[in-house]
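Engineer: Before I ask anything, here is the structure I am working with.
The values are calculated or read from the model by the stated rules, or taken from the named source; none is laboratory data. What you see is a predicted model; the values in this text were computed from it and never measured. Note: ideal-geometry Cβ built from the backbone for every residue, glycine included; neighbour counts use all protein chains shown.
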Amino acid sequence: MFAAAAFALLVAMGMALVRALMGPTVYDRILAVNAFGTKTLLMIAVVGYLTERPEFLDIALVYALINFIGTVAVTKFVRFRSLGHPVGDAPEGEI
Amino acid sequence: MIELLDIAVLSMMVVSAVAVLWLRNLFAVVMLSGAYSLLAATLYVLLDAVDVAFTEAAVGAGIATVLMLGTLTMVPRQEKETRRGSLGGLLVVAATGALLVYGTLDMPEFGDPDAPIHRHVVPRYMQDSPAEVGLPNVVTSVLASYRGYDTLGETTVIFTAAIGVMALLGWGRRRKP
């Protein structure tokens with residue numbers, strides 16, 4: 001059953017990768033890479049059960065946090081064209 | 001089953017690496033290199049190198065993506081068209097790759113308990129580190145005590161790199177009117 005889940009996750013990862021490749025818009029790529037990160041951590045959890053070492057679950061949790069931070073940085077970049085201080089006359093840069 | 005997963009993850013890594021080379025939209029390149037890092041971290045987990053996978057996920061997929069986005073705020077989003085197809089470069093890369101593969105040929109089997117790395121100093125560390133260092137985790141005693149100068153050097157390198165990146169990104173210039 002875990003093998004089937006791993007296979008399904010591989011297929012989903014492939015499809016997300018294709019979407020990140022083709023685009024066409026920025027949001028397609030952000031969503032694709034975010035979904036790709038989620039699939040990766042699910043894959044690590046499934047591999048943990050597949051090799052009968054469920055303690056891999058801790059790593060999957062850390063990956064979820066990293067994925068979230070990355071997505072926040074990316075969306076901030078797209079919205080404000082900056083990661084910290086305001087650029088030009090955009091006042092919202094500090095958010 | 002694990003071998004199949006290895007092959008699938010490796011082929012997805014090849015696809016994303018080639019795409020990073022081909023695409024001219026730099027934002028897409030940053031996104032794809034993040035995906036590449038996640039795949040590399042998955043591969044490390046599959047190879048049982050859990051701590052390396054941790055580092056790869058935190059540094060490769062997390063910090064490196066954020067740093068590259070910070071760089072992207074200062075450069076155009078589109079890569080300039082350059083002349084393609086440098087045969088000499090391809091030759092150099094192929095030769096280097098062949099050399100690296102040749103270097104791995106006489107390495108011991110993956111997971112071989114008789115490999116030199118498991119017979120050289122590891123038994124001594126496993127036996128003597130509780131008495132010599134006193135930490136319950138042997139990896140920590142190796143990193144912090146036996147290889148203390150090495151770790152100090154690494155930390156210095158990372159510290160210098162952080163200062164350089166901060167200078168480039170203009171930290172502390174935010175209060176300028």
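Engineer: Are any residues in the range B:100-113 farther than 19 Å from B:LEU46 by Cα and exposed (fewer than 10 other Cβ atoms within 10 Å of the Cβ), and if so, which ones?
Structural biologist: First, pick out the residues of the range B:100-113 that are farther than 19 Å from B:LEU46 by Cα: B:100-107.
Those that are farther than 19 Å from B:LEU46 by Cα and exposed (fewer than 10 other Cβ atoms within 10 Å of the Cβ): B:LEU100, B:VAL101, B:TYR102, B:GLY103, B:THR104, B:LEU105, B:ASP106.
Engineer: Have a look at A:PHE2, A:PHE36 and point out the one that is among the aromatic types (Phe, Trp, Tyr) and within 7 Å of chain B (Cβ to nearest Cβ). Don't jump to the end; show me each part of the working.
Structural biologist: Details: A:PHE2 fails: within 7 Å of chain B (Cβ to nearest Cβ).
Of the residues listed, the single one that is among the aromatic types (Phe, Trp, Tyr) and within 7 Å of chain B (Cβ to nearest Cβ) is A:PHE36.
Engineer: When you scan the range A:39-52, how many residues do you find that are more than 9 Å from chain B (Cβ to nearest Cβ) and surrounded by fewer than 19 Cβ atoms within 10 Å (Cβ to Cβ)?
Structural biologist: Of the residues in the range A:39-52, 2 are more than 9 Å from chain B (Cβ to nearest Cβ) and surrounded by fewer than 19 Cβ atoms within 10 Å (Cβ to Cβ).
Engineer: I need a count of the residues in the range B:128-151 that are in a helix (DSSP H, G or I) and surrounded by 11 or more Cβ atoms within 10 Å (Cβ to Cβ).
Structural biologist: So the first thing to find is which residues in the range B:128-151 are in a helix (DSSP H, G or I), and the list is B:128-132, B:138-146, B:148-151.
Subsequent filtering for residues that are surrounded by 11 or more Cβ atoms within 10 Å (Cβ to Cβ) retains B:128-130, B:132, B:138-146, B:148, B:150-151.
Residues flagged as in a helix (DSSP H, G or I) and surrounded by 11 or more Cβ atoms within 10 Å (Cβ to Cβ) within the range B:128-151 amount to 16.
Engineer: Moving to a separate point now. Looking at the range A:12-29, which of its residues are crowded, with 19+ Cβ neighbours inside 10 Å and facing chain B (nearest Cβ under 7 Å)?
Structural biologist: Taking the range A:12-29 and keeping what is crowded, with 19+ Cβ neighbours inside 10 Å, we get A:13, A:16-17, A:20-21, A:29.
Selection gives A:MET13, A:LEU17, A:ALA20, A:LEU21, A:ARG29.
Engineer: List pairs: first residue in the range A:22-33 and at negative phi, second residue of a type in the set (Val, Ile, Thr) and modelled with pLDDT under 85 anywhere in the structure, Cβ distance under 6 angstrom, at least six positions apart or on different chains.
Structural biologist: So the pair list comes out as A:VAL26/A:VAL78; A:ILE30/A:VAL74.
Engineer: Also: In the range B:13-38, which residues are under 22 Å from A:VAL72 (Cβ atoms), of a type in the set (A, V, I, L, M, F, W, C) and either over 16 Å from the mean Cα position of the chain (by Cα) or facing chain A (nearest Cβ under 7 Å) (or both)?
Structural biologist: The answer is B:LEU26, B:PHE27, B:ALA28, B:VAL29, B:MET31, B:LEU32, B:ALA35, B:LEU38.
Engineer: If I filter the range B:78-93 for residues that are within 14 Å of another protein chain (Cβ to nearest Cβ) and either touching a residue at least 12 places away in the same chain (Cβ under 8 Å) or closer than 22 Å to A:LEU41 by Cβ (or both), do I get at least one hit? Quick ask: steps written out before the conclusion?
Structural biologist: Within the range B:78-93, the first condition is being within 14 Å of another protein chain (Cβ to nearest Cβ), and the residues that meet it are B:78.
Narrowing further to those that are either touching a residue at least 12 places away in the same chain (Cβ under 8 Å) or closer than 22 Å to A:LEU41 by Cβ (or both): B:78.
The answer is yes, given that some residue of the range B:78-93 is within 14 Å of another protein chain (Cβ to nearest Cβ) and either touching a residue at least 12 places away in the same chain (Cβ under 8 Å) or closer than 22 Å to A:LEU41 by Cβ (or both).
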